[in-house]
Amino acid sequence: MLAMRRAISPADCREGFLEMVPACIGLAPFGLVTGVGAAAAGADWLGALGMSAIIFSGAAQIIAAQLFAAGAPLAVIILTCFVAGLRFLMYSAAMAPYLKPLPPRWQNGLAFLLTDQAFGASIRRFHATNDARAPASRFLGGGLALWIWWQITNMAGFFAGNLIPASWSLEFAVPLCFVALVAPLLRDAPTVLAAVVAGFAVVALDGLPMKLNLIVAGLSGIAAGTLSDLSRERWTRR
Amino acid sequence: MDATLKLWFVILTVGLLNYLSRLSFIAVFARTSMPPLLARALKYVPAAMLTALILPMILAAPASAAPLNPRVAAAIVAGIVAFCTHSTLKTLGAGMAALWLLQALPASIG
């Protein structure tokens, strides 16, 4: 108990929670559409809640729902979601040094709350300080805000998604949320190449069954980015 | 397999794999440093995987009289805003506003 009280400061936790409110507003349409997607894939409300509460990743949930509706085999669904989730490895590695002072129990709990948005909001703060406690507490607060809001918006989308007029084109909010994540990354040549190769591949291979184009395109983009990064380094060293 | 069972298998497996990915370097491999080649490759996962995911959503055109898919133009506007502001809310606002405007235009001209 004592270790717990020392590890987390309630004031910072509350601050992190409140700080996440603007991002939550932006994620509302994304959560709604993800809930609609679960309904369209034929999930019941418990299955939809399971997706948002346990998978807790918009990209993986959208992919799973799309592939599920397309009748893809389990192995393809799981593999595609796994590759999309590999970005968490990167976030995990970036967060690890800052979470090291915390007790393992807290590390295990905070890891579950690691999402694109929570990572983006906290990593800059970790960089700025030597004491991990305050940013970790804020991360906990922000992560909890995101998790709770994600359940609310997913369920709202599942139950009331059909009340939203089609003319609002709310489903367009999903690619926009990912554009908000990807566009700021496109600052160096290998990353641009990774995106361009993946983009071309996913369109060119549209005819592949079971939405295999998604994973093939993703892996091609990763390979293209990595190779151009390696060759660029070799070139500049000469 | 029963569809409900299949869905729960996906939920639990993907949930577990996602959690292990999140936990990986925080706990499981805490004592090892990431192999340099893996670190390099992982840098390109978001750009590649998320682009592959969103591009078909942007190119999927609902029946429309517009010569150019308004979603492509709206996504470009959103991309510029995202690149400059790093803000999800502003990206969303600009992209949706651009889409609504472009969808309304052909109707008012025609």
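The values are calculated or read from the model by the stated rules, or taken from the named source; none is laboratory data. Keep in mind the model is a prediction, meaning the values are calculated, not measured. Please note: Cβ atoms are built from the backbone with ideal geometry, for glycine as well, and neighbour counts cover all protein chains shown. We work out accessible area using only protein heavy atoms, side chains counted, and drop any ligands, DNA or RNA first. Shrake-Rupley method; radii C 1.70, N 1.55, O 1.52, S 1.80 Å.
When you scan the range B:9-99 for helices (runs of 4 or more DSSP H) that lie fully inside it, which ones turn up with 1 or more residues that are among the aromatic types (Phe, Trp, Tyr)?
It comes to B:70-85.
Taking the stated definitions as given, is A:Leu110 open to solvent by less than 20 Å² (accessible area, probe 1.4 Å) and assigned to a helix (DSSP H, G or I)?
Against the criterion (open to solvent by less than 20 Å² (accessible area, probe 1.4 Å) and assigned to a helix (DSSP H, G or I)), A:Leu110 qualifies.
If you scan the range B:78-90, which residues turn out to be out of contact with any Cys (no Cβ under 8 Å at 6 or more places or on another chain) and either within 7 Å of chain A (Cβ to nearest Cβ) or at pLDDT below 95 (or both)?
B:Ala78, B:Gly79, B:Ala82, B:Phe83, B:Thr85, B:His86, B:Ser87, B:Leu89, B:Lys90
Taking A:Gly50, is it free of Cβ contacts under 8 Å to residues at least 60 places away in the same chain, within 27 Å of A:Phe159 (Cβ to Cβ) and outside any helix (DSSP H, G or I)? Before you say what the answer is, go through the steps one by one.
On the way: free of Cβ contacts under 8 Å to residues at least 60 places away in the same chain: yes; within 27 Å of A:Phe159 (Cβ to Cβ): yes; outside any helix (DSSP H, G or I): no.
Against the criterion (free of Cβ contacts under 8 Å to residues at least 60 places away in the same chain, within 27 Å of A:Phe159 (Cβ to Cβ) and outside any helix (DSSP H, G or I)), A:Gly50 does not qualify.
Within the group A:Ile215, A:Ile222, which residue is at the interface with another protein chain (Cβ under 7 Å from one of its Cβ atoms) and open to solvent by less than 40 Å² (accessible area, probe 1.4 Å)?
Values: A:Ile215 fails: at the interface with another protein chain (Cβ under 7 Å from one of its Cβ atoms).
Going through A:Ile215, A:Ile222 in turn, the sole match is A:Ile222.
Pull up the range A:157-200, narrow it to residues that are facing chain B (nearest Cβ under 8 Å) and not in a helix (DSSP H, G or I), then point me to the one that is least open to solvent (accessible area, probe 1.4 Å).
A:Ser169
Right, A:Gly58: within 20 Å of B:Tyr19 (Cβ to Cβ) and either within 12 Å of chain B (Cβ to nearest Cβ) or in contact (Cβ under 8 Å) with a residue 40 or more places away in the chain (or both) or not?
yes
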